[in-house]
Amino acid sequence: MPSIADLDVFPLCLGGNVFGWTADREQSFAVLDAYAAAGGNFIDTADSYSAWIPGNAGGESETIIGAWMAARGNRDEMIVATKVAKWDKFPGLSAANLRAAAEGSLERLQTDRIDLYYTHEDDPSVPIEETLGELDKLVSEGKVRRLGASNFTTARLAESLAISERDGLASYAAVQPQYSLVERDEYEGELQDLIVERGLACAPYFALAMGFLTGKYRPGGDDVDSPRAGGASRYLQSGRGERVLAALDEAAGAHGVPVASVALAWLLAQPGVVAPIASARTPEQLADLLPVATLQLTDSELQRLTEAGA
């Protein structure tokens, strides 16, 4: 298994953003059961999931995941990542907010530790030293095992790493940027170079570009019943989207696997990437993702995909 620091993780991180949103408790349990049965152990969520849904308050995803782990008695087998900073109830990265937010996440997850705790976005209003100082305390207390940063610029990540080293504080071990075959600017270049140089782990989100890279959005195709359909279909507005789909189709046909698993396998082959994040509303959707765990694309397939998405 690949690893984040000393945490061994399945090469597909199961996104928990759909739990409590497009998947209710029963559906979420079915997906989580199927993921665990396939050997999966790496689950990604956030305290803010899914506060944007009318009738939701936030924390729904963590609550479902916590209930599932309690029902299955498998907490020690799972690596759980959650995030702080973007929920209106616990906004930002001040020391007081980090403390309160972490305690809330621990309660909803029904656990005594968070395996990987991401700062969900940067907070320039708070000194980095304050944020890292409180995160270090949470690590020292055993409430958090490893730290991650999401949606950070290269400069702010580099500064955070330098301060951790200077002050002897717990340091970011993982980074979560947006990255996929059709969204490459944020990761490729300076951020990727820093991650590789410092031996950090990248777990990219929107790894399937809001569903576009599953292959279900096609020119002239039927409308897809998904809240992300509008965002995904925009990738068809340029010739690049069709080129990517053609390259994915060819590789998927050669290996006898779903298109989505090819898109994820391309990500896994990129420097620094440890486990792309992808979500599923049903076990059937999950089945299209799982082949990534063993799929090995050839150098020529990787090159063709890279060129198609450029």
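The values are calculated or read from the model by the stated rules, or taken from the named source; none is laboratory data. Since the model is a prediction, treat every value here as computed from it, not as a measurement. Here the Cβ is made from the backbone with ideal geometry for all residues, glycine too, and neighbour counts use every protein chain on show.
One table, with the values for the structure above:
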quantity	calculated
Some residue of segment 220-233 being under 30 Å from Asn41 (Cβ atoms), modelled with pLDDT of 95 or more, buried (at least 16 other Cβ atoms within 10 Å of the Cβ) and of a type outside the set (Ser, Thr, Tyr)	no
Number of positions in segment 66-84 that are hydrophobic (A, V, I, L, M, F, W, C) and either under 14 Å from Ile277 (Cβ atoms) or free of Cβ contacts under 8 Å to residues at least 24 places away in the same chain (or both)	3
Criterion violated by Ala275 - all others in (1) part of a loop (DSSP other than H, G, I, E, B); (2) surrounded by fewer than 21 Cβ atoms within 10 Å (Cβ to Cβ) satisfied	(2)
Qualifying position, being closer than 22 Å to Gly211 by Cβ, small (Gly, Ala, Ser), modelled with pLDDT of 95 or more and surrounded by fewer than 21 Cβ atoms within 10 Å (Cβ to Cβ), among Ala71, Ala51, Ala67, Ala38	Ala38
Residue within segment 29-38 that is within 30 Å of Arg198 (Cβ to Cβ), within 20 Å of the chain's Cα centre (by Cα) and of a type in the set (Asp, Glu) present	no
Unique residue being out of contact with any helix residue (DSSP H, G or I) (no Cβ under 8 Å at 6 or more places or on another chain), under 20 Å from Arg75 (Cβ atoms), surrounded by fewer than 21 Cβ atoms within 10 Å (Cβ to Cβ) and of a type outside the set (S, T, N, Q) when the list is Gly148, Gly142, Gly168	Gly142
Contacts under 8 angstrom Cβ, first residue in segment 289-310 being within 16 Å of Ala254 (Cβ to Cβ), partner aromatic (Phe, Trp, Tyr), 6 or more apart	Leu297/Trp266; Leu302/Trp266; Leu305/Trp266
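So that you can scan it fast, the table gives a plain yes or no per residue for (1) over 21 Å from the mean Cα position of the chain (by Cα); (2) closer than 24 Å to Ala201 by Cβ:
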| site | (1), (2) |
| --- | --- |
| Gly55 | yes, no |
| Met78 | no, yes |
| Asn97 | yes, no |
| Asp112 | yes, yes |
| Tyr118 | no, yes |
| Arg146 | no, yes |
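Residue-wise test of (1) farther than 26 Å from Tyr172 by Cα; (2) of a type outside the set (Asp, Glu); (3) in a loop (DSSP other than H, G, I, E, B).
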residue: Pro11; (1), (2), (3): no, yes, yes
residue: Gln27; (1), (2), (3): yes, yes, no
residue: Tyr35; (1), (2), (3): yes, yes, no
residue: Ile43; (1), (2), (3): no, yes, no
residue: Tyr49; (1), (2), (3): no, yes, yes
